[in-house]
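Working notes, beginning with the structure itself.
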């Protein structure tokens, strides 16, 4: 079948996309409507970006987890040293259970980041086809794409921060238990724009300042009854402080 270039009069951005391999410069002549070609090109972009983001998601998530492991070890070592004086504990410990937590957290984070191209290109596709149908062209398309770019960037940033906190706190919890620390103090960090009242309120009305056992985790979501540790709920900025308990008394009494 005879094929013809569709970008002979393309703008600089489109030509750069072709040179980078994101778009193809060829299209079937018998299917040469602008709308149909736009769909084809957007689908091709989606396929290429999926591959690119999958690779990037794996690499960046691995780095994130490694930083969380290192930061967790350092912070926990400092906390335990301050509480236990000259007692030295190995905070680099990575048990089989903790390794499972790290593996699961990594896989979950990778899948979240892989959603970025699908979310972004779906919105771009709607705007591109809409601008073609209305005839508005770049006048409406460029501002819309800039807006989507900012939204996706913010989503990716918030997701990365949230996943980092989750991995960090999960690793901390596992390492505390591995070295014999069975309890923790819940500390509300105050870093969220919309803090949960349950997490913010002082114990016993809330979780802040309360001391809890890893064997009997507190309720972190009153609506669902979910139990967990600081940082487990979406966008929770709370952290935990290790607590040594030398008796069976309730530390919150």
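Every number here is computed from the coordinates shown, using simple stated rules; none is lab data. Values in this document were obtained by computation on a predicted structure and should not be read as measured data.
For the pair residue 58 and residue 223, the difference between a 0.36 nm per residue extended length and the Cα-Cα distance amounts to 56.0 nm.
Starting from the Cα gyration tensor of the stretch 137-210, take the square roots of the eigenvalues, sort them a ≥ b ≥ c, and report rounded, prolate or oblate (rounded when a/c is under 1.5, otherwise prolate if a/b is larger than b/c, else oblate). Note, shape of the stretch 137-210 comes out oblate.
Is the stretch 182-253 rounded, prolate or oblate when judged by the Cα gyration tensor, a ≥ b ≥ c being the square roots of its eigenvalues, rounded requiring a/c under 1.5 and prolate requiring a/b larger than b/c?
Since a/c reaches 1.5 and a/b is larger than b/c, the shape of the stretch 182-253 is classed as prolate.
For the stretch 146-247, the relative contact order comes to 32 percent (Cα pairs under 8 Å, sequence separation of at least 6). Comparing Cα centroids, the stretch 174-189 and the stretch 195-213 end up 15 angstrom apart.
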